[in-house]
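For reference, the structure is listed below as structure tokens.
The values are calculated or read from the model by the stated rules, or taken from the named source; none is laboratory data. Just so we're clear, the structure is a prediction, and the values are computed from it rather than from any experiment. Cβ placement follows ideal geometry from the backbone for every residue including glycine, while neighbour counts extend to all protein chains displayed. All accessible areas refer to the heavy atoms of the entire protein, side chains included, with ligands and DNA or RNA removed. Shrake-Rupley method; radii C 1.70, N 1.55, O 1.52, S 1.80 Å.
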4 protein chains.
Amino acid sequence: MRGVSAPAAPADRDARFTDVGRLVVRCPDRPGIVAALSGLMADAGANIIDSQQHSSDPSGGTFTLRLEFFLADLGTRRPDLEAALGELAGDFQLTWRLTDAARKPRLAVFVSKADHVLQELLYRVDAGDLRAEIAVVVSNHPDLEPVARAHGVPFHHVPVSPHTKAEAEAAALEIVGDADLVVLARYMQIVSAEFCGRFPERLINIHHSFLPAFVGANPYQAAADRGVKLIGATAHYVTPELDAGPIIEQEVARIDHRATVEDMRRVGRYVERQVLAQAVTWHVEDRVIVDGAKTIVFA
Amino acid sequence: MRGVSAPAAPADRDARFTDVGRLVVRCPDRPGIVAALSGLMADAGANIIDSQQHSSDPSGGTFTLRLEFFLADLGTRRPDLEAALGELAGDFQLTWRLTDAARKPRLAVFVSKADHVLQELLYRVDAGDLRAEIAVVVSNHPDLEPVARAHGVPFHHVPVSPHTKAEAEAAALEIVGDADLVVLARYMQIVSAEFCGRFPERLINIHHSFLPAFVGANPYQAAADRGVKLIGATAHYVTPELDAGPIIEQEVARIDHRATVEDMRRVGRYVERQVLAQAVTWHVEDRVIVDGAKTIVFA
Amino acid sequence: MRGVSAPAAPADRDARFTDVGRLVVRCPDRPGIVAALSGLMADAGANIIDSQQHSSDPSGGTFTLRLEFFLADLGTRRPDLEAALGELAGDFQLTWRLTDAARKPRLAVFVSKADHVLQELLYRVDAGDLRAEIAVVVSNHPDLEPVARAHGVPFHHVPVSPHTKAEAEAAALEIVGDADLVVLARYMQIVSAEFCGRFPERLINIHHSFLPAFVGANPYQAAADRGVKLIGATAHYVTPELDAGPIIEQEVARIDHRATVEDMRRVGRYVERQVLAQAVTWHVEDRVIVDGAKTIVFA
Amino acid sequence: MRGVSAPAAPADRDARFTDVGRLVVRCPDRPGIVAALSGLMADAGANIIDSQQHSSDPSGGTFTLRLEFFLADLGTRRPDLEAALGELAGDFQLTWRLTDAARKPRLAVFVSKADHVLQELLYRVDAGDLRAEIAVVVSNHPDLEPVARAHGVPFHHVPVSPHTKAEAEAAALEIVGDADLVVLARYMQIVSAEFCGRFPERLINIHHSFLPAFVGANPYQAAADRGVKLIGATAHYVTPELDAGPIIEQEVARIDHRATVEDMRRVGRYVERQVLAQAVTWHVEDRVIVDGAKTIVFA
């Protein structure tokens, strides 16, 4: 149980993840790859629960595959499976990741003053809809400490000023430690290229516009000035180039001429929380694969 | 401030409701009604901020109007405005309601064990997006007491059994007292006709299907059996006939063949919380007018 | 090219379907089935372009698979592939269908007086977005003959009266002949169980409501009476029980209190044309698999 | 009736527009304006069918109003109504437009080679859903002549080359004459500032992206390169600055990683036709009011 304000998840909810594994594979596309992989899994005695694949281009493109499988006694038999995959990897130039569905990834969430996205992540974790552990909340402002604490999550206040940016990042990295995923949940600071490099394909940001429209600061004011009829939000992996990393999810909401900038912010908060929570959920379920500047999402 | 886990709303957020009034009018449609009402408001010195109207049928139908206006010193001048409206009412057979936007309506929320809709109402109240006070939470189960308490809201456990239904309702009514609105937020009990009669057009329920499909219990199982491709939720005013009261809001979400009943319930929870929160928000902003079996929603 | 009013599709649009095949498989789920099938395809020299699969239940459920593949000289090598599949079929109790993507299915479209769905089907065929041939239009009214003729499609007027229903159906069946798919595109007649039996899983209807709400005639009037906030449409395979066949696709559109029944019909026409065109497109691309009372749609 | 391929609209469909007028008003906001206008309409004997208004800012902003009214013998009594409005206009600095709903505006539609948007406009006009007359189709390519002719609409081929742009525009303007509205329906040419100036707030373009994302040419390629998860379309009034005029309507459609640029174009065509048809419909129903860089849409 995650905190005082949340009811316990049903005890048997986690049971269905026992001995369930996920295999994510990427390699140059060529005939025989599916036959080889499914043969390997069949030999291992794994029962495929779900399988999704994509060929970016059947001749000369990238092949990606996500398998969800049941394998009795997964923990014990995992080394054998990994060895078999390792052998295949050489033949097919494949990179692969094997995860145990029962293990909850550890998240570090960065916020500033706005609480709406954090609240949603906490709600979904408590509800069991987002199977992860929020290990720590880091903020450059102290405001959201009560929110984190109410859910039993450690909170760290790391002030940032133009002069202390480097030290602040170093302190934050120390706190984050070996988190599986870092989420910038309306953290109003630009992180350094070094920070990005520490969490390759494991650092997600929510941008409060429909990218690539309204890159940068204050997108709702820009949207109001332009007179758009839909406002949006974009969850993306963070790369050193501002607001340019691979997009995971986007959504929009309709507004009309009556909407003030403040109304747009209000409506936008609900889009943002939905989009980021969805992107984080897909990530922790191993459904997102980065392919150059884009993502493949096996939703 | 509503509770320990929520940051304070900006202090000036409420200021914009000072001296703002809302007038909701319903009468038989006939020429001259708008001229008479807008003349009355102009004479009173009110500045119209927003005006929406509807004629169910220009000849012989019902005319409905919602005005939002600014009137300096509204509290002091309200009696004069009411007197003027009272005079007009006789001429035009109009029923009207005048509310002070600064006053937050008091809500009583009924729940059972599921917390998702209650959590959303609490979040929106804390965020200032739903301008109301949740005065009390009533439940036939004790499970959600920590949720209410964490937001500083009194919680009452009123067990219901087939034999004690009447006494339980009486006890609940006592607790609810003079609440402005009663919200059945996944309260899994059917309330009596007497209960409905106590809160005419002030009792809102969320039904977890796209009514009139799947009336009654266990709609997600019924939806799964039928193989629907969209699942929905419906917020409606409660009348003695089960699931047949005037609909305020509906929304759907897309599912596919992979969705189990449990998946539908999970997806549905997000639709339900959105639909009920929207309906309650419209109600407390005086945007919903019941017209026979239907509603007019000045969204 | 289909008719005088439509520009020719780009000449190379069809080229990408040459030597492309689709294999749709259904069988009891059991380990090894994917390995066996992908091995078979690899042995045949087929290059998998797209693969989607579903297990209704990993233990004891139904396994369904849709493969899209490239096989040079498909026409010549098809018999060998079929023989190999036939051998596998016995071992795994699988039913399968192999189609040549280059061959356009032949559609028979039934209409009454309303033209909107027919127009959309004709538009999408002309645009190359729906890869099918509309072989014939059949109607119980003569009104839409000009629409069909303008697109070069034969039109047959088969009047239906309560006394001549059986003869009319017989005449219609003769006209339809060996069509691959029969589409009831707002054909306001109930077809017989015999008619349904002639086109198992090959007879699609558009119902102008969000089923199972408003089964039967005049759903828009029923929707208006109930005061719904969304109206919908449902495309489904036809079975002898009215409006109860497996649902392929559903969509809704938002309306408000201003909508008259006529407005609902107007808005609904755009939902209907979208939903039916989508369902027919999925069907002709072998993306829909009937599984009891439901469908699996590999969209 | 508009052409051979379309069934006649019901004869009584137009009757409901007889003696129906629309008044659109814009002026500096100040108390008393609604009372004055509704008094004027009541004195004239007009029965208000629909009324929508907007204050951009209750203190010092712009007030806009759209009235739909019934006035028996509108044609005869219109001069008196106009005189009364003229008198009021001075007092309130109001600009106004009075239209007779029975009169169908005349549209000139510019296209290049793509037919999807033109087809949709023709369909909606034929169906009676877009109450306008398409007076002429102009194109820089001859391809769509059969489409226009099939609906009985004159078609003019006006070739454009870099050297003949000015002459071509002059020729096009001659053809367009006194059209009420000019629609650029995927006309792949940039029109001159002079052309824009000839049709102030009466020149609508469809841009095949979610503006302001992907301004300029080839937005679908740009969208594919960026890996967006939604593609959009924007209908806007044309001003001399490219793709920067007031937005009337926007919509998006979801795509996933499987979408090629060609898939995006195909999906986008359906969004474009919907968005432009909606914008044109609102315009001809006097529902769109330009307010600086934005629009007010009384939908």
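Counting Lys and Arg as +1 and Asp and Glu as -1 over every other residue whose Cβ lies under 15 Å from the Cβ of B:GLY197, the net charge comes to -2.
Classify segment B:241-299: rounded, prolate or oblate, from the alpha-carbon gyration tensor (a ≥ b ≥ c, eigenvalue square roots; a/c under 1.5 rounded; otherwise prolate if a/b is larger than b/c)? The partial results should precede the final answer.
Details: a/c = 3.07, a/b = 2.06, b/c = 1.49.
Prolate, because a/c is 1.5 or more and a/b exceeds b/c.
Rounded if a/c is under 1.5, else prolate if a/b beats b/c, else oblate: with a ≥ b ≥ c from the C-alpha gyration tensor eigenvalues square-rooted, which is segment D:70-203? The partial results should precede the final answer.
Working: a/c = 3.12, a/b = 1.68, b/c = 1.86.
It comes out oblate by the Cα gyration axes.
Distance between the modelled labels on C:ARG78 and B:THR62, one decimal in nanometres: 6.3 nm (7 Å Cα→Cβ projection). Shielding of peptide B:244-256 by partners, expressed as the average count of other chain Cβ atoms within 10 Å per residue Cβ, is 3. Heavy-atom accessible surface of C:SER38, to the nearest 10 Å², is about 20 Å², with a 1.4 Å probe and all protein chains retained. Shielding of peptide D:30-37 by partners, expressed as the average count of other chain Cβ atoms within 10 Å per residue Cβ, is 6. Among chain C residues, the beta-carbon with the smallest distance to the axis carrying C onto A is reported, with distance in whole Å, as C:SER38, 3. For B:THR62, what charge total do you get from the other residues with a beta carbon under 14 Å from its beta carbon, if Lys and Arg give +1 and Asp and Glu give -1? Here the charged neighbours net out to +2.
Distance from the Cα centroid of segment D:27-94 to that of segment B:34-94 is 18 Å (rounded to whole angstrom).
Dividing the alpha-carbon radius of gyration of segment C:198-299 by 2.2 N^0.38 Å (N being the number of residues), what value is obtained?
Numbers: Rg = 13.9 Å, N = 102, 2.2 N^0.38 = 12.8 Å.
That works out to 1.09 for segment C:198-299.
Provide a whole-number value for the mean count of partner chain Cβ atoms within 10 Å of the Cβ atoms in peptide C:227-240. Each step should come with its number before you reach the end.
On the way: counts 13, 7, 14, 9, 0, 5, 0, 3, 1, 2, 0, 0, 0, 0.
Mean number of neighbouring Cβ atoms from other chains: 4.
Among the DSSP beta bridges whose two residues both lie in chain D, what percent are antiparallel, rounded to the nearest 5? Show your work: numbers first, answer last.
Values: 38 of 54 bridges.
In chain D, DSSP labels about 70 percent of beta bridges as antiparallel.
Looking at the square roots a ≥ b ≥ c of the eigenvalues of the Cα gyration tensor of segment D:138-275, which shape do they give, rounded for a/c under 1.5, prolate if a/b is larger than b/c, or oblate? Walk me through the intermediate numbers first.
Working: a/c = 1.96, a/b = 1.61, b/c = 1.22.
Taking the square roots of the gyration eigenvalues as a ≥ b ≥ c, segment D:138-275 is prolate.
Considering Cα pairs under 8 angstrom that are at least six residues apart, work out the relative contact order of chain D and quote it in whole percent.
16
The charge dipole of segment A:148-244, taken about the Cα centre with unit charges on the Cβ atoms of Lys, Arg (+1) and Asp, Glu (-1), comes to about 420 debye, rounded to the nearest 20. Each of C:GLY60, C:VAL176, C:ALA127 was scored by the projection of its Cα onto the charge dipole of chain C, and the greatest displacement toward the positive side belongs to C:ALA127; charges sit on the C-beta of Lys, Arg, Asp and Glu. Cross-linked pairs C:LYS229/D:LYS294; C:LYS104/C:LYS294; C:LYS104/D:LYS104; B:LYS294/C:LYS165; A:LYS294/B:LYS113; A:LYS113/B:LYS104: Cα-Cα separations exceed 31 Å for C:LYS104/D:LYS104; B:LYS294/C:LYS165; A:LYS294/B:LYS113. The same position A:PRO28 in the other copies lies at 4.3, 7.3, 8.5 nm from this copy, comparing label points 7 Å beyond Cα toward the beta-carbon, shortest first. Secondary structure note: in the protein assembly as shown, about 70% of the DSSP beta bridges are antiparallel. Can you list, shortest first and in nm, the gaps between the label point of C:ALA299 and those of its counterparts in the other copies, using a point 7 Å from Cα in the C-beta direction? Here C:ALA299 shows inter-copy label distances of 0.9, 2.1, 2.1 nm. Once all protein chains are placed together, B:LEU94 keeps about 10 Å² accessible to a 1.4 angstrom probe.
What does the net charge come to around C:VAL158 if you take all other residues with beta carbon closer than 13 Å to its beta carbon, with K and R at +1 and D and E at -1?
Values: positive: C:LYS165; negative: C:GLU145, C:GLU167, C:GLU169, C:GLU174.
Around C:VAL158, the charge tally is -3.
Over the residues of chain A, the helix contribution to mean residue ellipticity at 222 nm works out to -10000 deg cm²/dmol, using -39500 (n - 2.57) for each DSSP H run of at least 4.
Dipole size in debye (nearest 20) for segment A:49-126 around its Cα centre, Lys and Arg Cβ +1, Asp and Glu Cβ -1? Kindly include the intermediate steps, with their values, before the conclusion.
Working: 9 positive and 12 negative charges, 72 e Å.
Its charge dipole is roughly 340 debye.
Please give the per residue volume of the convex hull enclosing the alpha carbon atoms of chain A, rounded to a whole number of Å³. Walk me through the intermediate numbers first.
Numbers: hull volume 44.8 nm³, N = 299.
In chain A, the Cα convex hull volume per residue is 150 Å³.
Between D:ALA171 and B:ARG258, the FRET efficiency from the beta-carbon distance, with R0 = 51 Å, is close to 0.35. Taking the Cα centre of the protein assembly as shown as origin and assigning +1 to Lys and Arg Cβ atoms and -1 to Asp and Glu Cβ atoms, the resulting dipole is close to 0 debye.
Look at where the Cα atoms of segment B:204-260 and of segment A:130-203 average out, and the two centres are 40 Å apart. A:VAL137 contributes about 0 Å² of solvent-accessible surface, heavy atoms of the protein only, 1.4 Å probe. Inter-copy label distances at B:GLN93, using a point 7 Å along Cα-to-Cβ, come to 4.3, 7.0, 8.3 nm with the shortest given first.
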